[in-house]
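Working notes, beginning with the structure itself.
The values are calculated or read from the model by the stated rules, or taken from the named source; none is laboratory data. None of these values were measured; they are calculated from a predicted model. Backbone-built Cβ (ideal geometry, glycine too); neighbour counts: all protein chains shown.
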Amino acid sequence: MTWLITGGAGYIGAHVVRAMTEAGERAVVYDDLSAGLAERVPDGVPLVVGSTLDGERVARALAEHEVTGVVHLAALKQVGESVDRPLLYYRQNVEGLRVLLEAVTAAEVASFVFSSSAAVYGLPDVDLVTEETPCAPMSPYGETKLAGEWLVRATGRATGLSTASLRYFNVAGAAAPELADTGVSNLIPLVFEKLTENAPPRIFGDDYPTPDGTCVRDYIHVVDLAEAHVATARALQASPGSALTLNIGRGEGVSVREMIDRINAVTGYHRPPTVTRRRPGDPARVVASATRIATELGWHAKHDIEDMITSAWEGWVHLRPEAARS
Ligand code: WQD
């Protein structure tokens, strides 16, 4: 099997490439390097620089590398930006997927793993979100992920393509400092940024209906997430015609305040947070039921919050040595 991994030069993509190759799978990276870094692509793994909107380029890559499976991670993922630029998000995330699927079906690729998101659920009013929880995305980003799932499922039904949509919860951590997320748009790096500016970390609202009033999320280590892709790829290979939709989380909720306390302890900054107003569109609680992926694939998360924060901090300091506390 040779897997084309779109977005494989990105933060999550690079971890998926690493896990797939360590599991003995052949990988080819397809990435437009708009956010990805070429140096994240391991020696021996071919890199094809291109957009999934370029159908001819994709088709050539599928043929040249005799691709039998695709893991599609290339997408725009900033929720706030998607509100301001919906047409950009629909073009990149939906049209880009449609063009890719056309090339995939023409080349008779057997398996397709799609990177979806917990954002498809919107404001789930349940303790644990299952894959049957109604999807009502709150942002154009979440809408593009749900539309992507529909495209993937419909294509699988029409052609026999084996498919899986993986709904990521809150991804954090790194396998190694040089693979850490370089973006500063999610909780953990945003808190790092405040701490290293000697400013108080911000809690976006503490009046939610949760135990400590702050939002609760399900954090998953990127290494566990990558391993879930290996397990999924193998499951699709083993049973042609599959159509899986799987949550990828730990099933354990952690509040913003708890996370900030843990981050303060790991980094040694110990700076109390300040509470600001709510961020529009934030659900109070989004925590996965991870039962289906455990049952279907035998996958379980192995890393805890401490691993995520510690490895993320090592990545932060790798790029900013001055941030380390003695
Ligand atoms: C987590 C919590 C914030 C920063 C997003 C996407 C989702 C997925 C994961 C791609 C929220 C609070 C944050 C800060 C804070 N991405 N917060 N102070 O919004 O749960 O999910 O990333 O698939 O699709 O929506 O993640 O890290 O932005 O926020 O209080 O400085 O931390 O309000 O409750 P989110 P996040």
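Considering only the range 1-69, give the strands (runs of 3 or more DSSP E) lying wholly within it that have at least 3 residues that are crowded, with 24+ Cβ neighbours inside 10 Å.
The strands (runs of 3 or more DSSP E) meeting that bar are 2-6, 26-31.
Scan the range 267-298 residue by residue and report those that are farther than 21 Å from ALA119 by Cβ and away from the ligand (no atom under 16 Å from the Cβ).
GLY268, HIS270, ALA294, THR295, GLU296, LEU297, GLY298
What are the residues in the range 247-266 that are basic (Lys, Arg) and more than 10 Å from the ligand (Cβ to nearest atom), if any?
Result: ARG250, ARG262.
Between a residue in the range 281-301 that is over 24 Å from SER255 (Cα atoms) and any residue that is surrounded by fewer than 18 Cβ atoms within 10 Å (Cβ to Cβ) and of a type in the set (Lys, Arg), which pairs come within a Cβ distance under 9 Å, given they are 6 or more apart or on different chains?
Cβ pairs passing all conditions: LEU297/ARG234.
Looking at LEU123, LEU97, can you tell me which residue is among the aliphatic types (A, V, I, L, M) and crowded, with 24+ Cβ neighbours inside 10 Å? Walk me through it before giving the result.
Numbers: LEU123 fails: crowded, with 24+ Cβ neighbours inside 10 Å.
That would be LEU97, the only listed residue that is among the aliphatic types (A, V, I, L, M) and crowded, with 24+ Cβ neighbours inside 10 Å.
Would you confirm, using the coordinates I've provided, whether LEU87 is outside any loop (DSSP other than H, G, I, E, B) and without any contact (Cβ under 8 Å) to a residue 12 or more places away in the chain? Walk me through it before giving the result.
Values: outside any loop (DSSP other than H, G, I, E, B): yes; without any contact (Cβ under 8 Å) to a residue 12 or more places away in the chain: yes.
Spelling it out, LEU87 is indeed outside any loop (DSSP other than H, G, I, E, B) and without any contact (Cβ under 8 Å) to a residue 12 or more places away in the chain.
Pick out the one residue from ALA61, ALA27, ALA19 that is farther than 28 Å from ARG91 by Cβ and either more than 20 Å from the chain's Cα centre (by Cα) or at pLDDT 95 or above (or both).
Working: ALA61 fails: farther than 28 Å from ARG91 by Cβ; ALA27 fails: farther than 28 Å from ARG91 by Cβ.
Within the list ALA61, ALA27, ALA19, the selection yields ALA19.
Inspect the range 27-35 for any residue being at positive phi and without any contact (Cβ under 8 Å) to a residue 60 or more places away in the chain and give the result as yes or no.
In the first step, residues of the range 27-35 are kept if they are at positive phi; the result is 33.
From what's left, without any contact (Cβ under 8 Å) to a residue 60 or more places away in the chain: 33.
There is at least one residue in the range 27-35 that is at positive phi and without any contact (Cβ under 8 Å) to a residue 60 or more places away in the chain.
What strands (runs of 3 or more DSSP E), lying completely within the range 213-326, carry at least 1 residues that are closer than 30 Å to LEU161 by Cβ and at pLDDT 95 or above? Break it down stepwise before answering.
Details: elements: 219-221, 243-248, 274-276.
The qualifying strands (runs of 3 or more DSSP E) are 219-221, 243-248.
Might you let me know whether the range 202-211 holds any residue that is surrounded by 22 or more Cβ atoms within 10 Å (Cβ to Cβ) and either within 14 Å of the ligand (Cβ to nearest atom) or within 30 Å of PHE114 (Cα to Cα) (or both)? It would help to see each step written out before you state the result.
Filtering the range 202-211 for residues surrounded by 22 or more Cβ atoms within 10 Å (Cβ to Cβ) gives 203.
Pick out the ones that are also either within 14 Å of the ligand (Cβ to nearest atom) or within 30 Å of PHE114 (Cα to Cα) (or both) and you get 203.
Yes - at least one qualifying residue is present in the range 202-211.
Do you know which residues across the range 137-161 are more than 11 Å from the ligand (Cβ to nearest atom) and either under 19 Å from ILE248 (Cα atoms) or under 18 Å from the mean Cα position of the chain (by Cα) (or both)?
Matches in the range 137-161: PRO140, GLU143, LEU146, ALA147, GLY148, GLU149, TRP150, VAL152, ARG153.
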